[in-house]
Amino acid sequence: MNTAEFDRMFAIEETHWWYQGRRALVRAALDRYVDSKRPLQILDLACATGMSFRFLADYGDIRGVDISEETIRLCGERGIDRIVRGDALQLPFQDGGFDVVLALDAFEHFEDDVAAMREVYRVLRPGGTLVATVPAFMALWSPHDEAYHHFRRYRRPQLRGRLEEAGFVTQRMSYSSMAHFVPVWAMRKLRALSSKPVEEATSDFAVPLPGPMEWLAGLITRTEIAIEKRVNLPFGVSLYGVLRKPD
């Protein structure tokens with residue numbers, strides 16, 4: 001990911017509607033699918049700037065792993081030191097050491113995503129839970145993905161198939177941010193017309209929304225999360241799954 005994008009993420013993720021929505025989605029998944037024992041041993045894969053250490057601190061003990069020195073530096077600015085610099089394809093952890101692994105917009109960054117999924121499977125305890133989010137639909141490919149150094153965007157059968165190939169059992173898989181799909185598609189098509197070189201690409205977060213639009217986007221996201229507790233959404237900007245390592 002471009003270094004400037006890490007700095008941008010660090011600056012906005014506490015208050016930005018999209019990051020707040022993803023955090024709410026993760027907490028809802030943990031409350032529903034993970035047993036009530038506490039503290040949980042949690043690994044945040046490709047932990048970026050370490051926000052999971054704040055919004056999930058009440059669930060247990062969290063460790064982070066990321067290959068980027070920049071992310072480890074930013075985590076240090078938040079006073080977070082339980083970060084290991086490591087490769088997702090060779091995680092520096094023992095077999096079965098974690099109750100939960102978070103892969104929040106992580107797998108799309110790995111050329112061999114199934115290898116990363118198998119490593120996650122290895123470090124989870126039997127019966128442990130993976131909560132994963134990924135960007136959805138190649139139709140939404142844009143400078144945003146180039147700035148983040150993505151290899152792909154996923155459809156539900158593709159993500160489910162690869163995770164099950166790695167050994168997981170799917171408990172839940174749904175698209176999210178359905179109401180944002182058309183506006184995001186339109187905005188990204190317009191941004192793509194700029195034809196900037198890949199190395200100069202910037203994420204959608206470089207385009208600020210007016211305050212009322214930020215508020216509305218957040219309201220829509222919260223409403224969708226309430227709906228997703230009952231039904232799977234048929235499409236969306238993102239895709240999330242809750243998967244289990246068999247006992």
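Points worth noting:
- Some residue of region 204-211 being charged (D, E, K, R), in contact with a strand residue (DSSP E or B) (Cβ under 8 Å, 6 or more places away or on another chain) and farther than 20 Å from residue 111 by Cβ: no
- Per-region count, region 198-247, residues over 24 Å from residue 149 (Cα atoms), aliphatic (A, V, I, L, M) and under 17 Å from the mean Cα position of the chain (by Cα): 3
- Residue match in region 155-167 (condition: surrounded by 14 or more Cβ atoms within 10 Å (Cβ to Cβ) and more than 21 Å from residue 233 (Cβ to Cβ)): yes
- Test result for residue 32, surrounded by fewer than 13 Cβ atoms within 10 Å (Cβ to Cβ) and either of a type outside the set (Phe, Trp, Tyr) or under 22 Å from residue 169 (Cβ atoms) (or both): yes
- Restricting the search to helices (runs of 4 or more DSSP H) fully inside region 107-173 and requiring at least 1 residues that are modelled with pLDDT under 95 and not basic (Lys, Arg) gives 143-147.
- Within region 75-134, tally of residues that are of a type in the set (Asp, Glu) and free of Cβ contacts under 8 Å to residues at least 24 places away in the same chain: 3
The values are calculated or read from the model by the stated rules, or taken from the named source; none is laboratory data. Here the structure is a predicted model, which means the values were calculated and not measured. Please note: Cβ atoms are built from the backbone with ideal geometry, for glycine as well, and neighbour counts cover all protein chains shown.
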